[in-house]
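J.: Just dropping this structure here.
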Amino acid sequence: MSINYHFSDERDPLARGQGIGERWRAQIHGTAKDYAWLFDAAKLDRHTVRRIAEQGYEQLRAWAPGLATEMQGVAQGTGLELWEVAALNCRTEILVRGSIAGLKECTAAAWLPPGEPPRALQTWDWIPTVGNFTVLRHTSPADLTVATFAENGVLGKAGTNSAGLGLLFTLLCHTSDGTREGVPIHAVARQVLDTARSVQDAVDIVRSAPLTASASFTVLTWDGRSADGAVIEASPEEVVVLPPEEGFLLHTNHFLDPGLAKGDRLAAIGDDTLPRMDVLRERKSVMTAASRTEWAKGLVHHWADGAPVCAHPRPGAPETDRWETKMLISFDLDRRTLVLQEGGPCAVTADGWTEVAV
């Protein structure tokens with residue numbers, strides 16, 4: 001596993017995408033190969049994958065044309081066809097139509113201490129065969145400096161910006177997924193980071209997006225004096241905003257809003273998202289510790305303990321159901337910094353964190 005760092009001052013989205021594609025050509029081709037395998041494992045044929053990817057690209061071109069243009073630049077820089085780059089960015093929209101045994105992805109926890117910057121940490125869990133990632137730091141059209149983490153060739157995921165806004169990202173699955181055309185959910189995360197300066201800005205952006213897949217966005221802000229935060233649960237059916245509970249924002253991979261929970265797909269199949277949430281609620285006080293290393297160590301909880309907050313591939317499980325925690329993602333909004341460490345909570349070290357200032 002490796003993290004690629006790409007720092008770009010390019011303001012033109014086509015040129016920025018070309019630069020990414022040219023610099024990380026081999027890695028993006030590798031990610032495209034990984035996802036071609038995963039789509040096939042999900043029993044999705046190439047025609048279906050291309051159709052959903054092209055629909056997602058066209059929806060994005062109408063909703064956020066600059067991001068669509070950046071994808072076009074990545075395609076030109078890598079030599080991949082545009083629909084292949086679109087498929088990377090639409091991987092969630094594609095996979096929700098397939099037959100993967102659940103789509104576990106991430107555990108997120110945040111705390112808003114009175115008068116202090118928010119504290120945030122998430123695990124990023126995915127399939128072992130996908131192993132290369134990019135941190136993109138760039139200047140957005142809204143004159144914000146942004147740092148975001150995602151797989152190679154994908155527009156964004158979790159991250160932070162120079163306005164003091166940070167975003168955590170967890171996957172959700174709803175019965176309304178795949179019922180209409182929509183933009184890539186990862187592009188929505190990137191649009192929030194590129195343009196939002198407040199929690200309300202983020203809510204407005206998510207609500208403006210036509211969606212065909214679901215996710216939760218934990219959005220936090222700090223202006224040097226006061227903090228704000230909320231979880232935005234987004235689905236094609238509805239977008240709901242959840243405020244902090246006693247100062248905490250906790251999320252795994254099921255809907256907490258009672259209305260949206262009626263259509264939840266992962267909790268309904270006995271996924272591990274419910275016990276992971278139980279662990280978060282039991283251990284939320286770890287977020288009040290002095291360091292993010294202590295936060296992570298406080299969340300060490302494996303399959304053998306009843307819930308894989310710190311996930312490792314289970315021997316004998318199908319390849320598409322062998323999840324592992326690949327990355328710990330955090331940020332320091334006071335210092336406008338994205339903070340990362342490879343691996344899961346059980347492997348965290350105080351000197352293993354990497355910081356990317358915006």
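The values are calculated or read from the model by the stated rules, or taken from the named source; none is laboratory data. Note that the coordinates shown come from a computational prediction; the quantities given were computed from them, not determined experimentally. Methodologically, a virtual Cβ is constructed for each residue, glycine included, from the backbone with ideal geometry; neighbour enumeration extends over all protein chains shown. Note: areas computed on protein heavy atoms with side chains; ligands, DNA, RNA excluded. Shrake-Rupley method; radii C 1.70, N 1.55, O 1.52, S 1.80 Å.
J.: Starting with the highest mean, order 6-12, 174-180 by the number of other Cβ atoms within 10 Å, averaged over the residues of each peptide.
T.: 174-180, 6-12
J.: Calculate what fraction, in whole %, of the accessible area of region 44-165 sits on carbon and sulfur atoms when a 1.4 Å probe is rolled over the protein chains.
T.: The computed percentage sits at 48.
J.: When only C-alpha pairs under 8 Å and at least 6 residues apart count, what is the relative contact order of the chain, in percent?
T.: Numbers: 851 pairs, mean separation 65.8, N = 358.
Rounded, it is 18 percent for the chain.
J.: Placing unit charges on C-beta atoms (Lys and Arg positive, Asp and Glu negative, everything else neutral), compute the dipole magnitude of the chain about its Cα centre in debye, rounded to 20.
T.: Once rounded to the nearest 20, the dipole reads 340 debye.
J.: What's the lysine pair count for the chain at a Cα cut-off below 27 Å, pairs eight or more apart or interchain?
T.: Taking the Cα cut-off of 27 Å, the pair count is 21.
J.: Based on DSSP H runs of at least 4 residues, each adding -39500 (n - 2.57), what is the mean residue ellipticity at 222 nm of the chain after dividing by all its residues, to the nearest 500 deg cm²/dmol?
T.: On the way: 11 runs with 116 residues, N = 358.
One gets -9500 deg cm²/dmol as the mean residue ellipticity at 222 nm.
J.: Here is a follow-up. Based on DSSP H assignment, which helices of the chain show an axial Cα extent of at least 18 Å together with a mean Kyte-Doolittle hydropathy greater than or equal to -1.0?
T.: TM-like helix candidates: 25-41, 65-78.
J.: Would you kindly derive the ³J(HN,Hα) couplings of region 112-121 from the backbone phi angles with the Karplus curve 6.51 cos²θ - 1.76 cosθ + 1.60 (θ = phi - 60°), listing them in order in whole Hz, with x for Gly and Pro?
T.: So the J values, rounded to whole Hz, are 10, x, x, x, 10, x, x, 10, 8, 7.
J.: Okay, moving on. Can you give me the Cα centroid spacing of region 2-62 and region 247-286 in angstrom?
T.: Each part's Cα centre sits 30 Å from the other's.
J.: Fully extended, how many nm does the chain gain between ALA317 and ARG207 (0.36 nm per residue separation, minus their Cα-Cα distance)?
T.: Fully extending the segment from ALA317 to ARG207 adds 35.8 nm.
J.: What spacing in nm lies between the two simple spin-label points modelled at ALA289 and ALA15, each 7 Å away from Cα in the Cβ direction?
T.: Calculated label separation equals 4.6 nm.
J.: Of LYS262, LYS297, LYS33, which has the most accessible area with a 1.4 Å probe, and how do the rest follow in descending order?
T.: The ordering from most to least exposed comes out as LYS262, LYS33, LYS297.
J.: Semi-axes of the equivalent ellipsoid of region 1-117: what are they in whole Å, largest first, if each equals the square root of 5 times a C-alpha gyration tensor eigenvalue? Kindly include the intermediate steps, with their values, before the conclusion.
T.: Details: eigenvalues 122, 104, 48 Å².
Ellipsoid half-lengths, sorted descending, are 25, 23, 15 Å.
J.: Taking θ as phi - 60°, what are the ³J(HN,Hα) couplings along region 294-306 by the Karplus curve (6.51, -1.76, 1.60), each to the nearest whole Hz, with x for Gly and Pro?
T.: Each residue of region 294-306 in turn: 5, 4, 5, 4, x, 9, 5, 7, 10, 3, 5, 8, x Hz.
J.: A further question follows. Using the beta-carbon distance between GLU238 and GLU54 and R0 = 25 Å, what value does 1/(1 + (r/R0)^6) give for FRET efficiency, to the nearest 0.05?
T.: Calculated transfer efficiency: 0.40.
J.: Report the extension gain between ARG61 and LEU274 in nm, rounded to one decimal, defined as 0.36 nm multiplied by the number of residues separating them, less their alpha carbon distance.
T.: 73.0 nm
J.: In Å², what does the accessible area per residue of the chain work out to with a 1.4 Å probe? Intermediate results must be reported in sequence, preceding the final value.
T.: Working: 12860 Å² over 358 residues.
With the other protein chains kept in place, the chain gives 36 Å² per residue.
J.: What length, rounded to one decimal in nm, is gained on full extension from THR354 through to THR175, with 0.36 nm per residue of separation minus their alpha-carbon distance?
T.: Numbers: separation 179, 0.36 × 179 = 64.44 nm, distance 3.79 nm.
Length gained between THR354 and THR175: 60.6 nm.
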